[in-house]
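The values are calculated or read from the model by the stated rules, or taken from the named source; none is laboratory data. None of the values given here were measured: they were computed from a predicted structure. So basically every Cβ, Gly included, is an ideal-geometry build from the backbone, and we count neighbours across all protein chains shown. These accessible areas exclude ligands, DNA and RNA; they are computed on the full protein's heavy atoms, side chains included. Shrake-Rupley method; radii C 1.70, N 1.55, O 1.52, S 1.80 Å.
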Amino acid sequence: MKTALAQVSLSALQHNLAQVKQMAPESQVMAVCKANGYGHGLIEVAQALNKADAFGVARIEEAFNLRAAGINKTIVLLEGFFEAKDIASIAVNHFQTVIHNEKQLAELEQAATELEIGIPIKVWLKIDTGMSRLGIHVSQVDEFVSRLQACACVHPDLVLMTHLACADELNNKYNQTQLMAFKQASSAYSFSHSIANSAATMVLDRAKQNWVRPGIMLYGVSPIEGETGLERNLKPVMTLSSQLISVKKVDANTPVGYGGTWVTPSKTILGVVAIGYGDGYPRHAKNGTPVLINGRIVPLVGRVSMDMITVDLGCDSQDNIGDKAVLWGAGLPIEKVAESAETIAYEILCQLTTRVKWKYI
Ligand SMILES: *Cc1c(COP(=O)(O)O)cnc(C)c1O
């Protein structure tokens, strides 16, 4: 083990999928693996999650990459297509697509007259029930359903879906508002329904429906504020580590790092770990951000540099150059690091750079 290494536990990934199935035993599972499998590697993740019922991606290129790797399972484009020219590829590759606006619908109707689409495209109609991001207004559902069903290139059996804005906030009343709006918009039809992301799969029974769409929980992370995946029986999938490259004694009142923003309160031993924002470690990680070295948590001190961070090993430190430092993962929940960097685990998982080495176990 040398410098920055991201170890991905495929068995943890599979364990987490099994947890999803246990939490939502009546639902089919769309494993969301957009953004390179939340930073873990799209293909490796999809191959390990071969017990999922479908994969969800955000960009058609991600779907192409899955097919090119020989993955034949259902793939859903969660934001649909951005250009009409992609409709033919969707049909040929048997992708399923979300439709969330009038432009996409009109382009499908146009394609039905112009293209020879053998097998009709399966559509997930997205309804905006209050997040005000993607989706048609609840008042447009009837019109969209009848136009989609009249469209020769669209499979007549739709899935109706929505997305919750506040599922990660326990007891937020807005969840009920959105669930109610969805129920009203969808109750006239016998289509399948899909509402739940990870947070809703974990805490909102009424959101589970026919399809759940977990993302972050598959990677072992809880999206719910103040808790970690471990508390939900999830296992961390990625462990990011590096090594100590300097250990030295310093006096009290020694400024540390760029700007000297942190000053040693007493004499201590400082360590430098070979990880920085050049590897994707969050630059805004504050003093006190936990780092795991030789079985104990030590605080990050001073600013994060491009290639290094400094940690306060304490005056009793027995640590040596070359010792392993875990930045997050097994033994150190990424949720704690994210909180200390005033961000979310999703973001830091996605932003590791090409300098990091990868190992799948
Ligand atoms: C990303 C995404 C998800 C997964 O969200 P998590 O919070 O990671 O579980 C589910 N549904 C849609 C539409 C998404 O874009």
- Listed by chain and number, the residues whose amide H is under 5 Å from that of residue 325, excluding neighbours fewer than 5 places away on the same chain and using placed H, are 242, 243, 244
- Message: Net charge within 12 Å of residue 296 by Cβ-Cβ distance, Lys/Arg positive one each and Asp/Glu negative one each, not counting residue 296 itself?
- Response: -4
- Using a Gaussian network for the chain with springs between C-alpha atoms less than 10 Å apart, which of these wobbles most: 58, 188, 341? 188
- Item | segment 70-76 - phi-based ³J(HN,Hα) in whole Hz, Karplus 6.51/-1.76/1.60, Gly and Pro as x | x, 8, 9, 5, 4, 10, 10
- With a Förster radius of 25 Å, plug the Cβ-Cβ distance of residue 181 and residue 103 into 1/(1 + (r/R0)^6) and report the FRET value to the nearest 0.05. 0.60
- Item | Segment residue 155-residue 296, extension gain: residue separation times 0.36 nm, minus the distance between their alpha carbons | 45.1 nm
- Note on the structure: Note to self, the chain gives a 222 nm [θ] from helices alone (DSSP H runs n ≥ 4, -39500 (n - 2.57) apiece, / all residues, nearest 500) of -7500 deg cm²/dmol
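Name the shape class, rounded, prolate or oblate, that the alpha-carbon gyration tensor gives for segment 238-360, where a ≥ b ≥ c are the square roots of its eigenvalues, rounded holds for a/c under 1.5, and otherwise prolate holds if a/b is larger than b/c and oblate otherwise.
Details: a/c = 1.78, a/b = 1.46, b/c = 1.22.
Taking the square roots of the gyration eigenvalues as a ≥ b ≥ c, segment 238-360 is prolate.
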- Task: Would you kindly state how much longer the chain becomes between residue 170 and residue 263 on full extension, computed as 0.36 nm times their sequence separation minus their alpha carbon distance, in nm to one decimal?
- Result: 29.6 nm
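Do you know the relative contact order of the chain, to the nearest whole percent, from alpha carbon pairs under 8 angstrom that are 6+ apart? Please list the in-between numbers first.
Values: 825 pairs, mean separation 66.5, N = 361.
Relative contact order here is 18 percent.
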- Task: For residue 354 paired with residue 283, estimate the spin-label separation in nm (one decimal), with each label point 7 Å from Cα along the Cα-to-Cβ line.
- Result: 2.0 nm
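According to the Cα gyration tensor, what semi-axes, each the square root of 5 times an eigenvalue, does the equivalent ellipsoid of the chain have, listed from largest to smallest in whole Å?
Numbers: eigenvalues 408, 85, 59 Å².
Over the Cα atoms of the chain, the semi-axes work out to 45, 21, 17 Å.
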- With the dipole of the chain worked out from charges on the C-beta (+1 for Lys and Arg, -1 for Asp and Glu) around the Cα centre, which of 348, 152, 115 lies farthest toward the positive end? 348
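Within the accessible area of the chain, what % is carbon and sulfur when the probe is 1.4 Å and the other protein chains stay in place?
Details: 8020 of 16100 Å².
Carbon and sulfur: 50 percent of the exposed surface of the chain.
How would 296, 67, 303 rank on accessible area, largest to smallest, probe 1.4 Å?
Order by accessible area, largest first: 303, 296, 67.
What length, rounded to one decimal in nm, is gained on full extension from residue 249 through to residue 342, with 0.36 nm per residue of separation minus their alpha-carbon distance? Don't jump to the answer; show the numbers that get you there.
Working: separation 93, 0.36 × 93 = 33.48 nm, distance 3.02 nm.
Between residue 249 and residue 342, full extension yields an extra 30.5 nm.
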- Interchain or long-range residues, amide H under 5 Å from residue 96's placed H: 75, 76, 77
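Write down the accessible area per residue of the chain in Å², having rolled a 1.4 Å probe over the full set of protein chains. Show your work: numbers first, answer last.
Details: 16100 Å² over 361 residues.
Ligands and nucleic acids excluded, the result is 45 Å² per residue.
Rounded, prolate or oblate for segment 253-318? Axes are the square roots of the Cα gyration tensor eigenvalues, ordered a ≥ b ≥ c, and the cut-off for rounded is a/c under 1.5.
Values: a/c = 2.01, a/b = 1.21, b/c = 1.67.
It comes out oblate by the Cα gyration axes.
Assign one of three labels to segment 11-223, namely rounded, prolate or oblate, based on the Cα gyration tensor with a ≥ b ≥ c the square roots of its eigenvalues; rounded applies when a/c is under 1.5, prolate when it is not and a/b is larger than b/c, and oblate otherwise. It would help to have the intermediate numbers written out before the result.
Working: a/c = 2.00, a/b = 1.14, b/c = 1.75.
Oblate is the answer for segment 11-223, as a/c is 1.5 or above yet b/c matches or exceeds a/b.
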- Message: Using a Förster radius of 22 Å, what is the FRET efficiency between residue 94 and residue 189 based on their Cβ-Cβ separation? Nearest 0.05, please.
- Response: 0.40
